[in-house]
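**Q** Before anything else, here's the structure in question.
The values are calculated or read from the model by the stated rules, or taken from the named source; none is laboratory data. Bear in mind that the values here come from a model prediction, so they are computed numbers and not experimental data. Ligands, DNA and RNA are excluded from the accessible area calculation, which covers all protein heavy atoms including side chains. Shrake-Rupley method; radii C 1.70, N 1.55, O 1.52, S 1.80 Å.
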Amino acid sequence: MPRGVVPRHPAQTGRQDKVRVARTRMSGNPSQKQSSRAKAAPVKTKTVALSKPTKPAKSAKGYNPVAPERVAEILKRLNDLYPDVTCALTHKSAWELLVATILSAQSTDVNVNRVTPVLFQKYPTVEAFAALTPEELEPDVRSTGFFRNKSKSVVGAAKKIVADFGGQVPDDIDKLLILPGVARKTANVVLGTWFKKAVGVVVDTHVHRISRRLELTKENDPQKIEQDLMKIIPQDRWILFSHQVIWHGRKLCFARKPNCVECLLENICHAGDKAWSTVEMHKNAVG
Ligand code: SF4
């Protein structure tokens, strides 16, 4: 019977050896519960029957988590799970996306998407933001958290774009990085999503966590993680990979209690903080 249909039970040891015993004791079907939750999510994902479990790794010797064939398999399965995803921040221009991305720090996309339509109705152009003081903007972005810093960044970026770039958001990473409040993550979001330029890989909290769990990096610093990912992922996948991993973090690979039972990557994921596993877990591969 295909995996993903048959209810399974976490092997405490991280191995497959107790699964058969556990199956006989189970009465519910966790995958059905998860499927109903997935239907309520805003993005279409394919329901894919999981392939047969791989054998547990016999030994760490010879295992290369960034071997091209393993990376290719991860990319393929992400494609199967999230074939058509993009940025979840509502926007109609590069400027709106830039503002939304600045506001999304330490906040949720849902929260930002509640704030920005009102914000852009009140201040419809870059010039309108540039005419503000940070204090004037603070009440409008307060609910996204860290509102004083975010107000300073948004107003500062608007003033710089008007003064130096003729009111147009630049499509160049070096120019974006000199804008207040814009670091590589924000610059990569704007370049990838709006300008369709694959200059880097967006490393947000989801990409950070999942890249470590999948052993695509051992780093903790976002810039070093991005460098690692850029080395092993083909450039024409950088933009989509970021979107797919971000959606994976929202829908299945949660920071706490990831939904490994439903995850198509399960039998090639050796994360040490998996909630359930059919393969050997690697204690250092934690998000
Ligand atoms: S198996 Fe679990 S930890 Fe690994 S990627 Fe899937 S949800 Fe995340």
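**Q** Starting from the Cα of LYS159, draw a straight line to each of the aspartates and glutamates and keep only those under 12 Å, dropping any in the same chain fewer than 8 residues away.
**A** Of all the aspartates and glutamates, those that pass the test against LYS159 - Cα under 12 Å, at least 8 places apart if same chain - are GLU127.
**Q** Roughly speaking, to the nearest percent, how much of the stretch 245-287's 1.4 Å accessible area is carbon and sulfur?
**A** Accessible surface attributable to carbon and sulfur in the stretch 245-287 totals 55 percent.
**Q** Rg over Rh of the stretch 168-269, using C-alpha atoms and the Kirkwood radius, what does it come to?
**A** Here the Rg-to-Rh quotient is 1.00.
**Q** Here's a follow-up. What pairs in LYS196/LYS257; LYS152/LYS175; LYS92/LYS224 have C-alpha atoms more than 24 Å from each other?
**A** As for pairs spanning more than 24 Å Cα to Cα, those are LYS196/LYS257; LYS92/LYS224.
**Q** Roll a 1.4 Å probe over the protein chains and send me the accessible area per residue for the stretch 92-169 in Å².
**A** 48
**Q** Continuing with the same structure: Roll a 1.4 angstrom probe over the protein heavy atoms and tell me the percent of accessible area of the stretch 62-164 that is carbon or sulfur.
**A** Carbon plus sulfur share of accessible area: 55 percent.
**Q** List the residues, sorted by chain then number, that are 5 or more residues from ALA271 or on another chain and whose placed amide H is less than 5 Å from its amide H.
**A** HIS282
**Q** Residue by residue through the stretch 109-126, which ³J(HN,Hα) values in whole Hz follow from phi under the Karplus form 6.51 cos²θ - 1.76 cosθ + 1.60 (θ = phi - 60°), with glycine and proline marked x?
**A** Coupling constants for the stretch 109-126: 4, 4, 5, 5, 5, 6, 7, 5, x, 5, 4, 6, 6, 6, 10, x, 10, 4 Hz.
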